[in-house]
Amino acid sequence: MADENPTTIREVTKDVFSAFVGSVFNAYVGQPFDTFKVRQQTAGLSIPHTLKNILSESPAAFWKGVVPTTAGMMFENAMAFGINAHLKRTFPSTLPPVDIGHGGRSTLSFSEDILRPMSMGFLTGFASSFVLVSSEIIKTQTQISTKKVSSLEITKYIINKRGVKGLFIGMDAQIMRDGPFYAVFFGSYEIFKYAIHHLSPSLPEDVNFFLSGGFAGMVGWAVAMPFDVPKTLVQSNPEGKVFGEYFPKMREVVKTRGVANGLYAGLVPTLLRAFPSNAALFLGVEWAKKFFDENVPK
């Protein structure tokens, strides 16, 4: 028992470190698409007009808010990886892991391989939303500004105007977006890993992780998109409430813009972002884990 804690601490440290590295990859690859999505959602412009609107400032405008995004993702992914690992240890599967082609279990169980990671994913999203909400607010309000303003200036403005409360605008909206996203993300990830292996058994495992993460990100965002639009609108308002505006805002979007043009505004750039950013996340995580194992003694 004496050497279990050091091992656990080392593994947790590796998870956090790899999540931090993966988050940097994720943020800088996905930020241009996210900025496009936020501008389209808040302004209600077409894709060509949104592109023209951003480029009228400068190409660098695509990376507006990337610093708080990266910071938020670092803590979000560290928490996500940590919570999922903890949940898996606390509630272990009753079946051996799927180990296709290596003599282990070769079929998926709906309850263990899909429903279980989806449930744990929802709990992960719920917990992560409390960490992510402040950086999401700062990022959104930075992205929609057409002036040259830094994320630090936006943060100071929010705190001076609203106090710390202003950094938790749309808390209910954050939970409603992150819960479904992580539930579908973790559930579909297992399915994609299984399907890709069957389609190409000789494909390297790392490539499978890369592709599965990218596809899972796309499916997760396709499901979470209707929850994301009202979240963006609530959090883009400096006068917004912490709780209570989310569902009225969703009804308002449907009434004024409709479902397709309202709740799915920004879907194209979001899906275009989802694959490379989530694939980059997993690539960064795997590279960081390998670096950690090779350079940090046990």
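Each value in this text was obtained by applying a stated rule to the coordinates, not by laboratory testing. Quick caveat: nothing in here was measured; it's all calculated off a predicted structure. When we count neighbours, we look across all protein chains shown, and the Cβ atoms used for this are built from the backbone with ideal geometry, even at glycine.
Between T13 and A260, the modelled labels are 5.5 nm apart [label points 7 Å from Cα along Cα→Cβ]. Tilt of helix 151-162 relative to the longest C-alpha principal axis of the chain, in degrees (0 to 90, nearest 10)? Once rounded, one gets 70 degrees. Summing Lys and Arg as +1 and Asp and Glu as -1 over all other residues whose Cβ lies under 14 Å from the Cβ of E294 gives a net charge of +3.
Provide the gained length on full extension for the span K148 to L45, in nm with one decimal, where the gain is 0.36 nm per separating residue minus the Cα-Cα distance.
Details: separation 103, 0.36 × 103 = 37.08 nm, distance 2.10 nm.
The K148-L45 span can extend by a further 35.0 nm.
Can you tell me the 0 to 90 degree angle between the C-alpha axis of helix 205-235 and the longest principal axis of the chain, rounded to 10? That helix lies at roughly 30 degrees to the long axis. The structure shown yields percent of Cα pairs over 31 Å apart, and of the options [x] 30; [y] 36; [z] 47 that calculated value carries the label [x].
Placing dummy labels 7 Å off each Cα toward the beta-carbon, the span from L123 to K165 is 3.3 nm.
For the chain, give the magnitude of the charge dipole about the Cα centre (Cβ charges: +1 Lys/Arg, -1 Asp/Glu; no others), in debye to the nearest 20. Mind dumping the intermediate values first?
Values: 29 positive and 24 negative charges, 245 e Å.
So the magnitude is around 1180 debye.
Along the chain, the exposed loop sites are GluC sites (Glu not before Pro) outside DSSP states H, G, I, E and B with at most 15 other Cβ atoms within 10 Å, and the longest stretch free of them is 58-238. Neighbours of T13, meaning other residues whose beta-carbon lies under 13 angstrom from its beta-carbon, give a summed charge of +1 when Lys and Arg score +1 and Asp and Glu score -1. When +1 charges are put on Lys and Arg Cβ atoms and -1 charges on Asp and Glu Cβ atoms, the dipole computed for segment 144-230 relative to its Cα centre reaches about 700 debye.
Other residues within the sphere of radius under 13 Å centred on the Cβ of F185, judged by their own Cβ, net out at -1 (K and R +1, D and E -1).
Karplus-derived 3J(HN,Hα) values for segment 76-87, using 6.51 cos²θ - 1.76 cosθ + 1.60 with θ = phi - 60°, are 4, 6, 4, 5, 4, 4, x, 5, 4, 4, 5, 5 Hz; glycine and proline are entered as x.
Mind pulling the angle between the C-alpha long axis of helix 116-143 and the longest principal axis of the chain? Nearest 10 degrees, somewhere in 0 to 90. Between helix and principal axis, roughly 30 degrees. Gaussian network model of the chain, Cα springs within a sub-10 Å range: biggest mean-square fluctuation belongs to which of S188, S129, S150? Of S188, S129, S150, the Gaussian network model singles out S150 as fluctuating most. What are the trypsin sites (Lys or Arg not before Pro) within segment 139-240 that DSSP puts in a loop, where the Cβ has at most 14 other Cβ atoms within 10 Å? Here the trypsin sites (Lys or Arg not before Pro) that fit, given the DSSP loop and packing criteria, are K147, K148.
Between the residues G125, Y246, A78, the greatest Cα displacement towards the positive end of the dipole of segment 4-295, with unit charges on the Cβ of Lys, Arg, Asp and Glu, is found for Y246. Between Y28 and V268, the modelled label-to-label distance comes to 2.8 nm, taking each label 7 Å out from Cα in the direction of the beta carbon.
Phi angles of segment 241-251 translate, via the Karplus equation with coefficients 6.51, -1.76, 1.60 and θ = phi - 60°, into HN-Hα couplings of 8, 6, 10, x, 9, 5, 5, x, 5, 4, 5 Hz per residue; Gly and Pro are given as x.
Stretching L108 away from W287 to a fully extended chain increases their span by 61.7 nm, per 0.36 nm per residue minus the current alpha-carbon distance. Multiplying the residue separation of V296 and L115 by 0.36 nm and removing their Cα-Cα distance gives an extension gain of 61.6 nm.
About the Cα centre, and with charges only on the beta carbon of Lys, Arg (+1) and Asp, Glu (-1), how big is the dipole of segment 31-107? Nearest 20 debye, please.
80
Which part of segment 214-253 falls in the paramagnetic zone of L199, meaning amide N under 18 Å from the point 7 Å along Cα-to-beta-carbon? Counting only backbone N, you get 214-222.
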